[in-house]
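*Asks:* Let me give you the structure first, and then I'll get to my questions.
Read the figures in this text as sums done on the coordinates, not as results from a lab. Model, not experiment: these values are computed from the prediction. Positions of Cβ are generated from backbone atoms using ideal geometry, with glycine treated the same way; all protein chains shown enter the neighbour counts.
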DNA sequence: ATAGGGTTAG
């Protein structure tokens, strides 16, 4: 192939300025000047004249022209230059073809790029890398990986550019390990682009430990490598590690950029650290035009239970995309403002972007938590027609939740049967929850069995089933379930509540007495309980898992972690501050009543965030309307 | 002539 290529090039008739006439010389000079000045119209005019005379310019000049087309986003002009460059059987230098290749890639004309790539007689590392990076960015990962193999087969050695591109197309850990050792062998691991890509991909494949190892081997500090590792931990619910890394990064002397701040906000969000999030907000103010950063800020305020601040930001944002709207709609719904969420969805239909399937999850959630069964059905049924959104399992789960809360167990079964996709763990679990709330033991048993078929390790299924039996006093069945759990080595996750006081997080775990002030908290809790009992509080033992009687049953409720956290909050925070608690399990009915009464008794605003939603307790009532 | 980090739901 190489021989033919040289031969063709030497035979092509090229007019060079030294042998051509004066007019041709000035024409070519003009052309070169236009190209360097990026004057596209006049350059193309000169090109017309050159074609009429059958002369051509130097390949370097054409490359300038192609870059000019790229900058002006002139697709058809670019294609004309492509034709001209290859006219009369002439084969341009590889760097010029690479420039054309790059142009097609940047115009997102992948097919054209690949066609040109196939026709190239000589392909160097830049040609391969340009194409690989194009496929990688288009998420056509298989093609990108196949191209890397083709490249190696032709004996072209990948460089750091190739690796940092192709790594992002690595979907299997085995491939990644192979690539990684190849990178080590050729000594490219110290390139900062390669390092940040390695961290990214290990993180994407859930290998945080490996990501951290790659990070630790960094010698020369680099802001993007820092940002990659911080994002890795923030995205995998290791908010505390992410925040510590961020502190270290700042100490090392790197400034907070938009991506790092976004990850910091996400970490604050997952840890419910409103105070710290507000501190980060101060830094965000520098970048108030950054859409992604504003979206993260919006989410932080919603998730940390401060909808008012979220609304202020939402209304002030100059640019809002589908994520901004979805975040705000879901945020309102989760905080108990379902009707406001649906109003916002109405405005979105008029003046916002097209809703996506996540937006619809927020809308259905709002209906579900407001008990709006008919509205929910309407939204669910019209999704496909109005917005072309297919119902995924998540949408079915929302609908099931809606029906379950409304006690429509028969409709739930019907919906599960007509699902277009296979019912998943969440669907069965939702049915199980509804059966508990509405005391349907037979259906519950069926749902639990289906659920355990899909996932025999589902702790929740055993606990729910056991609770349902306990609620209907079927103690023998309770014992059975617990025996199965023990046999399969399954343990109930202990209830855990956290509260932020003076920028420090205090954890309360069921049965754990390690908090330094635990005695004081317990005494205070006893006082509150007797005062509340005087005011008519009756502990609701329906939520006790154990087969115990009287005092003891009441006792195991007494130590629920959220009660301890509430009492600690009342003790440590001034009255004007909201008591914000987040917990790992859903709040039980007894703690819910307790929180309502204590909020009234102590004139406090209490916010409890569970894995699904928020409860704002104020003056004896909760924003969820006792419906959760 | 070719390469990097961030946001909604689950």
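*Asks:* With runs of 4+ DSSP H residues as the only contributors, calculate the mean residue ellipticity of chain A at 222 nm using -39,500 (n - 2.57) per run, divided by the residue total and rounded to the nearest 500.
*Replies:* Calculated from helices alone, the mean residue ellipticity at 222 nm is -20500 deg cm²/dmol.
*Asks:* Continuing with the same structure: Could you work out how far helix A:258-271 tilts from the main Cα principal axis of chain A, as a 0 to 90 degree angle to the nearest 10?
*Replies:* 20
*Asks:* Go ahead and run the numbers for FRET between residue A:153 and residue A:111, Cβ-Cβ distance against an R0 of 22 Å, rounding to 0.05.
*Replies:* Rounded to the nearest 0.05, the efficiency is 0.45.
*Asks:* Modelling each spin label as a point 7 Å along the Cα-to-Cβ direction, I'd like the residue A:343/residue A:287 distance in nm, to one decimal.
*Replies:* Each label point is offset 7 Å from its Cα along the Cβ direction, giving 3.3 nm.
*Asks:* What distance in nm separates the two pseudo spin-label positions at residue A:418 and residue A:73, each 7 Å out from Cα along the beta-carbon direction?
*Replies:* My value for the distance between the label points is 4.5 nm.
*Asks:* Considering only DSSP beta bridges where both residues belong to the stretch A:496-622, give the percentage that are antiparallel (nearest 5).
*Replies:* Just about 80 percent of them are antiparallel.
*Asks:* Going by C-beta contacts inside 10 Å, put A:530, A:556, A:228 in order with the fewest on the left.
*Replies:* Ordered by Cβ neighbours within 10 Å, fewest first: A:530, A:556, A:228.
*Asks:* Now for a different question. Which angle between 0 and 90 degrees, to the nearest 10, do you get for helix A:125-137 versus the longest principal axis of chain A when only C-alpha atoms count?
*Replies:* Tilt relative to chain A: about 30 degrees.
*Asks:* Treat each spin label as a single point 7 Å out from the Cα along the C-beta direction, and report the residue A:526 to residue A:30 distance in nm.
*Replies:* 10.1
*Asks:* Also, I was wondering about something else. Sorted from fewest to most neighbouring beta carbons within 10 Å, what does the list A:377, A:325 look like?
*Replies:* Least crowded to most crowded, the residues run A:377, A:325.
*Asks:* Against the longest alpha carbon principal axis of chain A, how many degrees, from 0 to 90 and to the nearest 10, is the axis of helix A:518-534 turned?
*Replies:* Orientation of helix A:518-534: about 60 degrees from the principal axis.
*Asks:* Could you check how many percent of all C-alpha pairs in chain A are farther apart than 45 Å?
*Replies:* I get 37 percent for the Cα pairs in chain A exceeding 45 Å.
*Asks:* Just want the ordering: A:512, A:346, A:175, from fewest to most Cβ atoms lying within 10 Å of their own Cβ.
*Replies:* Fewest-to-most ranking of A:512, A:346, A:175: A:346, A:512, A:175.
*Asks:* Work out Dmax and Rg for the stretch A:173-291 from the C-alpha atoms and quote the Rg first, both in angstrom.
*Replies:* In order Rg, Dmax, the Cα atoms of the stretch A:173-291 give 14.9, 47 Å.
*Asks:* Over chain A, calculate the relative contact order: mean separation of alpha carbon pairs under 8 Å at least 6 apart, over the residue count, as a percent.
*Replies:* For chain A, the relative contact order is 6 percent.
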